[in-house]
Amino acid sequence: IQEEAERLNRFIANLLDMTRLESGAIEPRMESVDLNDIVGSALRRASKVLARHEVEIDLAADLPALKLDPVLFEQVLFNLLDNAAKYAPAGTKVQLQAREENHRVRLQVRDEGEGIPPGDLERIFDKFYRVQLADKKRAGTWLGLPICRGFVEAMGGTSTAGNRSDGHGAVFTIVLPVSAERAQERAA
């Protein structure tokens, strides 16, 4: 009963978030944040859905503070981690990695599931679209990835989906700009 109540709560929250995105009512409250803090918070929140997976975190030690809305970005990470847990078999790894490259922070969430059919790589960001797999996965709202993309874009970033080049599984990549001040500091 508790799990179903939590799933329904996430469904309603996702519907509200999508409505806010579509109406333009999302105004990110941007502040300088440490990505480590948001990752830690998202992992605590996703601990139940990730319980059957090995979670591997690899955040570069020298990541700059980013201008983000911490609440929205935590939701993005939760949705990506939840998605990885849904589509990867129990006992497999879910990896989260972040690096600074060319004045941007590139964050990836990778799983060891079946991956995404090439024809669905963009469609998975459409509302209510779900990849059809031979075996049925647990129920979802089909809104998590569109919400991720909308929130990331509202914060000035980009999000893409792909398949791992090092084996089976999907990889979701978020690229966020580093503030101009930080970019100048790094160049000096």
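The values are calculated or read from the model by the stated rules, or taken from the named source; none is laboratory data. Being a predicted model, the structure only gives us computed values, none of them experimental. Note: ideal-geometry Cβ built from the backbone for every residue, glycine included; neighbour counts use all protein chains shown. Ligands, DNA and RNA are stripped out before the accessible areas are found, and what is left, the full protein with its side chains, is counted by its heavy atoms. Shrake-Rupley method; radii C 1.70, N 1.55, O 1.52, S 1.80 Å.
The H on the amide N of Arg164, modeled in the peptide plane, is under 5 Å from the matching H of Gly169, Ala170, Val171, each at least 5 residues off or on a different chain.
With every protein chain kept in place and ligands, DNA and RNA left out, what is the accessible area per residue of region 42-105? Probe 1.4 Å, answer in Å².
Using a 1.4 Å probe on heavy atoms only, each residue of region 42-105 averages 46 Å².
Quick check: at a probe of 1.4 Å, how many percent of the accessible area of region 39-94 sits on carbon and sulfur atoms? About 51 percent, which is the carbon plus sulfur part of the accessible surface. The magnitude of the dipole of region 23-108, with charges of +1 and -1 set on the Cβ of Lys/Arg and Asp/Glu and taken from the Cα centre, is near 360 debye. Residues whose amide H falls under 5 Å from that of Val178, counting only those 5 or more places apart or on a different chain, are Arg104, Val105, with hydrogens built in the peptide plane. Pop the C-beta distance of Arg29 and Ile1 into the FRET formula with R0 = 30 Å and round what comes out to the nearest 0.05. Once rounded, the FRET efficiency stands at 0.30.
From most to least packed by mean Cβ count within 10 Å, the peptides 85-97, 48-60 give 85-97, 48-60. Computed extension gain for Lys93 through Thr160, at 0.36 nm per residue and net of the alpha carbon distance, reaches 22.1 nm.
Our coupling estimate for region 89-105, obtained by passing each phi through the Karplus curve with A = 6.51, B = -1.76, C = 1.60 and θ = phi - 60°, is x, 4, x, 8, 8, 10, 10, 10, 10, 9, 9, 8, 9, 6, 6, 9, 9 Hz, Gly and Pro reported as x. One chain, two ends: Ala61 and Ser179. Fully extended at 0.36 nm per residue, the span grows by 40.7 nm beyond their Cα-Cα distance.
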